[in-house]
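Undergrad: Below you'll find the structure I mean.
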Amino acid sequence: MNDHHPQVVGVRFRPAGLIYQFDTGDLVLRREDRVIVETERGSSIGTVVVAPHPPTSNRTLHRVIKKADVR
């Protein structure tokens with residue numbers, strides 16, 4: 001039985017840039033987390049700016065790969 005409830009976060013790649021939605025998968029994320037996501041241009045690092053929430057549509061989203069390592 002699958003108890004996974006899909007969650008979506010908003011990720012921004014540049015200050016004051018556009019916000020893109022990504023599927024969180026099994027990750028637990030919060031605002032301000034740095035994440036690595038798969039985009040159409042390859043892997044990119046961004047910041048979660050919209051907290052996890054249920055998706056508002058059925059469209060397929062790219063997934064968050066993992067939290068970015070803290071340096």
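The values are calculated or read from the model by the stated rules, or taken from the named source; none is laboratory data. Keep in mind it's a predicted model, so treat the numbers as computed, not measured. Cβ atoms come from the backbone with ideal geometry, glycine included; neighbour counts cover every protein chain shown. We work out accessible area using only protein heavy atoms, side chains counted, and drop any ligands, DNA or RNA first. Shrake-Rupley method; radii C 1.70, N 1.55, O 1.52, S 1.80 Å.
Undergrad: Which listed residue (V35, F22, N58) has the Cα farthest towards the positive end of the charge dipole for the chain, taking +1 on Lys and Arg C-beta and -1 on Asp and Glu C-beta about the Cα centre?
TA: In the chain, that residue is V35.
Undergrad: Taking the Cα centre of the chain as origin, work out the dipole magnitude from +1 charges on Lys and Arg Cβ and -1 charges on Asp and Glu Cβ, in debye rounded to 20. Don't skip to the answer; put the middle values down first.
TA: Details: 11 positive and 8 negative charges, 63 e Å.
Dipole size: approximately 300 debye.
Undergrad: For H5 and V49, calculate 0.36 nm times their separation in residues minus their Cα-Cα distance, and state this gained length in nm to one decimal.
TA: Details: separation 44, 0.36 × 44 = 15.84 nm, distance 2.03 nm.
Extending this stretch completely gives an extra 13.8 nm.
Undergrad: Continuing with this model, one more query. Please calculate how many Å² of accessible area region 19-71 carries per residue, with a 1.4 Å probe and no DNA, RNA or ligand atoms counted. Don't skip to the end; give the middle numbers.
TA: On the way: 4030 Å² over 53 residues.
The answer is 76 Å² per residue.
Undergrad: Okay, next question. I need the shape label for the chain. Rule: rounded when a/c is under 1.5, else prolate if a/b > b/c, else oblate, with a, b, c from the alpha carbon gyration tensor.
TA: Numbers: a/c = 1.59, a/b = 1.40, b/c = 1.13.
Prolate.
Undergrad: Which far-off residues, 5 or more places away or on another chain, put their amide H under 5 Å from the one on H62, with H placed in the peptide plane?
TA: D23
Undergrad: Now, a different point. Leaving ligands, DNA and RNA out of it, report the carbon-plus-sulfur percent of the accessible area of the chain at a 1.4 Å probe.
TA: On the way: 2770 of 5480 Å².
The C+S portion of the solvent-accessible surface of the chain is 51 percent.
Undergrad: Something else: Give, as a single signed number, the net charge of other residues whose beta carbon lies under 11 Å from the beta carbon of E38, with Lys and Arg counted +1 and Asp and Glu -1. Provide the component values of the computation, followed by the final result.
TA: On the way: positive: R41, R63, K66; negative: D23, E40.
Summing Lys and Arg as +1 and Asp and Glu as -1 gives +1.
Undergrad: Nearest-5 percent of antiparallel DSSP beta bridges in the chain?
TA: Details: 18 of 19 bridges.
Given both bridge residues lie in the chain, the antiparallel proportion sits at roughly 95 percent.
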